[in-house]
Amino acid sequence: MKIVAIVGSIRKDSLNMHLAKTMQERYQDKLDIEIADIRSLPFYDQDEENNPPQAVKEFKQKIANADGVIIITPEYNWSIPGVLKNALDWASRVEKVFIGKPVFPMGVTMGALGTIRAQLHLREILTGLQAKQMPPAGNEVLIGFANQKFDAQTGRLVDEQTLGFLDSKIEVFIDLMKTV
């Protein structure tokens, strides 16, 4: 199954990006995960939405061609980062590539609450985009205290309990994608 991962942080050593790369490696026998480049997307501009820049066209085409989307977001001021909102705004216009698309929101933080506020906002946005979201009850991947769960050298998620939970939720996501 072809998956596009959208990481809401463009920081060089982003823990959210480290999670995306961990998933690329860990699930390569089940999922073909491509990490989308949102850094190159210009600010959303309604004047250009009918003929957007090439980076926007490519971004939207990747989502359209994918079986599902994983969105991994940090939490900035109790919400999602502006760079992620910008990417979602581009994807919501004209072709509206999220309609009916299975989406699995998740996030990583150093704090205790594991991006729960950001994910609540993200779920509201995804509802507006008419995405087919992972059912939230029991399926939220809220990785808190990340400094204790990621290897400092490789950047990969190494906490066995968290990996086991993620493994079970990936199976739920695969089942969700099969229903579309």
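The values are calculated or read from the model by the stated rules, or taken from the named source; none is laboratory data. Being a predicted model, the structure only gives us computed values, none of them experimental. Virtual Cβ from ideal backbone geometry, glycine too; neighbours counted across all protein chains shown. Note: accessible area is taken over every heavy atom of the protein model, side chains too, but ligands, DNA and RNA are not part of it. Shrake-Rupley method; radii C 1.70, N 1.55, O 1.52, S 1.80 Å.
Quick check on this structure: which one of Asp13, Asp45, Asp32 is at negative phi and at pLDDT below 95?
Criteria check complete, one pass: Asp13.
Taking the condition of being under 19 Å from Asn16 (Cβ atoms) and open to solvent by 30 Å² or more (accessible area, probe 1.4 Å), how many residues in the range 170-180 meet it?
0
Check Pro74 against each of (1) in a loop (DSSP other than H, G, I, E, B); (2) more than 24 Å from Gly100 (Cβ to Cβ); (3) open to solvent by 30 Å² or more (accessible area, probe 1.4 Å) and name the one condition it does not meet.
If we test Pro74 against (1) in a loop (DSSP other than H, G, I, E, B); (2) more than 24 Å from Gly100 (Cβ to Cβ); (3) open to solvent by 30 Å² or more (accessible area, probe 1.4 Å), just (3) comes out false.
Could you tell me which of the residues Lys62, Lys96, Lys57, Lys85 is within 23 Å of Asn139 (Cβ to Cβ) and out of contact with any helix residue (DSSP H, G or I) (no Cβ under 7 Å at 6 or more places or on another chain)?
Unique residue meeting the criteria: Lys85.
Kindly provide the set of residues from the range 26-58 that are more than 20 Å from Ile10 (Cα to Cα) and touching a Lys or Arg at 6+ places or on another chain (Cβ under 7 Å), ordered by number.
Those that are more than 20 Å from Ile10 (Cα to Cα) and touching a Lys or Arg at 6+ places or on another chain (Cβ under 7 Å): Asp32, Glu49.
Within the range 99-121, which residues are out of contact with any helix residue (DSSP H, G or I) (no Cβ under 8 Å at 6 or more places or on another chain), of a type outside the set (Gly, Ala, Ser) and closer than 19 Å to Met23 by Cβ?
The answer is Thr115, Gln119.
Taking the range 11-22 as the region of interest, how many residues are open to solvent by 70 Å² or more (accessible area, probe 1.4 Å) and either under 13 Å from the mean Cα position of the chain (by Cα) or aromatic (Phe, Trp, Tyr) (or both)?
1
Does any residue of the range 57-70 turn out to be open to solvent by 70 Å² or more (accessible area, probe 1.4 Å) and either aromatic (Phe, Trp, Tyr) or touching a Leu at 6+ places or on another chain (Cβ under 8 Å) (or both)?
no
Any chance you could count how many residues in the range 112-144 are more than 12 Å from the chain's Cα centre (by Cα) and open to solvent by 30 Å² or more (accessible area, probe 1.4 Å)?
Residues in the range 112-144 being more than 12 Å from the chain's Cα centre (by Cα) and open to solvent by 30 Å² or more (accessible area, probe 1.4 Å): 18 in total.
Give the residue, chosen from Gly114, Gly107, that is assigned to a strand (DSSP E or B), in contact (Cβ under 8 Å) with a residue 12 or more places away in the chain and more than 22 Å from Val180 (Cβ to Cβ).
Gly107
Please list, ordered by first then second residue, the pairs with beta carbon atoms under 9 Å, 6 or more apart or interchain, first in the range 141-170 and at positive phi, second loosely packed, with under 11 Cβ neighbours inside 10 Å.
Phe145/Ala112; Gly155/Asp13
Which of the residues that make up the range 37-56 are more than 27 Å from Gly114 (Cβ to Cβ), part of a loop (DSSP other than H, G, I, E, B) and open to solvent by 30 Å² or more (accessible area, probe 1.4 Å)?
Ser40, Pro42, Phe43, Tyr44, Asp45, Asn50, Asn51, Pro53
Which residue, of Glu34, Glu25, is open to solvent by 90 Å² or more (accessible area, probe 1.4 Å) and under 22 Å from Val172 (Cα atoms)?
The match here is Glu25.
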